[in-house]
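One structure is given here, and the rest of the page talks about it.
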Amino acid sequence: MTTRDKIKAVALTQFAKGGYEGTPLSAITKEVGVTTPAVYAFFGSKEDLFLSIFEDVLSNHYHSVKSAIEQAQDGTVEERLYQILRGAFTYHVCQEEEKIFYKRAMMFPPASLEDKLKERFGATEEMLTQEIRALLAEGIAAGVIADRPLDDLLDGFLCLMDGLFLQLLYYDESKFEHKLQNIWKLFWSGIAGS
């Protein structure tokens with residue numbers, strides 16, 4: 001592991017535990033065994049380090065979901081949409097520190113970084129939104145999804161994803177699994193074509 005990667009790994013753990021404001025750069029440098037100027041040589045500032053980790057987390061989440069979609073590429077529209085939720089669930093269960101870091105960054109963003117975080121989130125969400133939009137449009141064209149405004153269907157799916165993410169913070173994996181299956185049946189029955 002390179003020094004740069006070690007700094008990021010330690011910073012991810014520290015930021016997940018204490019948030020941006022609660023994590024002094026000195027705690028990161030002490031654990032890594034480098035000086036503050038060494039961190040600045042790689043990242044320029046604490047803000048740049050935090051944003052770099054945030055971008056990694058967004059990218060890892062997107063690629064996890066994208067991989068789940070690709071694995072189900074021969075499935076039905078329903079199966080592929082479900083795999084988006086399943087991929088997000090799998091990512092958050094397997095990447096506990098990233099989940100905590102992401103939750104803190106999105107729910108309690110540092111005031112000085114709030115706009116930058118929203119901008120980066122928006123760019124990554126747009127890539128995922130395109131995937132979901134394409135699947136919903138395919139479902140409408142095939143008659144397996146009711147012919148409703150695409151943006152309405154998309155908004156419903158994104159709210160379902162966000163709600164499930166919050167549920168994952170409150171329940172263990174087995175309870176969450178049950179909730180995921182139940183809410184998916186209800187959601188699908190609500191959008192399915194006749």
Note to self: Six or more apart or on different chains, Cβ atoms under 9 Å: show the pairs whose first residue is in segment 68-86 and surrounded by 13 or more Cβ atoms within 10 Å (Cβ to Cβ) and whose second is of a type in the set (Ser, Thr, Tyr).
What the structure shows: ALA68/THR90; ALA68/TYR91; ALA72/TYR82; GLY75/TYR82
Notebook entry, point to check: How many residues are at pLDDT 90 or above and open to solvent by 80 Å² or more (accessible area, probe 1.4 Å) when one looks only at segment 150-174?
Noted result: 4
Margin query: Please count how many residues of segment 147-187 are out of contact with any helix residue (DSSP H, G or I) (no Cβ under 6 Å at 6 or more places or on another chain), touching a residue at least 40 places away in the same chain (Cβ under 8 Å) and over 30 Å from ALA16 (Cβ atoms).
Written below: 1
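Picking from TYR102, TYR91, TYR82, which residue would you name as being under 16 Å from LEU158 (Cα atoms) and not hydrophobic (A, V, I, L, M, F, W, C)?
Numbers: TYR102 fails: under 16 Å from LEU158 (Cα atoms); TYR91 fails: under 16 Å from LEU158 (Cα atoms).
Exactly one residue qualifies, and that residue is TYR82.
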Margin query: Quick check on my filter: what residues within segment 18-33 are open to solvent by 40 Å² or more (accessible area, probe 1.4 Å) and under 15 Å from ASP5 (Cβ atoms)?
Written below: GLU31, GLY33
Next item on the list: Scan (1) over 16 Å from ALA105 (Cβ atoms); (2) assigned to a helix (DSSP H, G or I) for the single condition GLU47 breaks and write down its number.
Entry: (1)
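The values are calculated or read from the model by the stated rules, or taken from the named source; none is laboratory data. Note that the structure is predicted; figures quoted are calculated from it, not measured. All Cβ positions, glycine included, derive from the backbone under ideal geometry; neighbour counts span all protein chains shown. Protein only, heavy atoms only, side chains kept; ligands, DNA and RNA dropped before computing areas. Shrake-Rupley method; radii C 1.70, N 1.55, O 1.52, S 1.80 Å.
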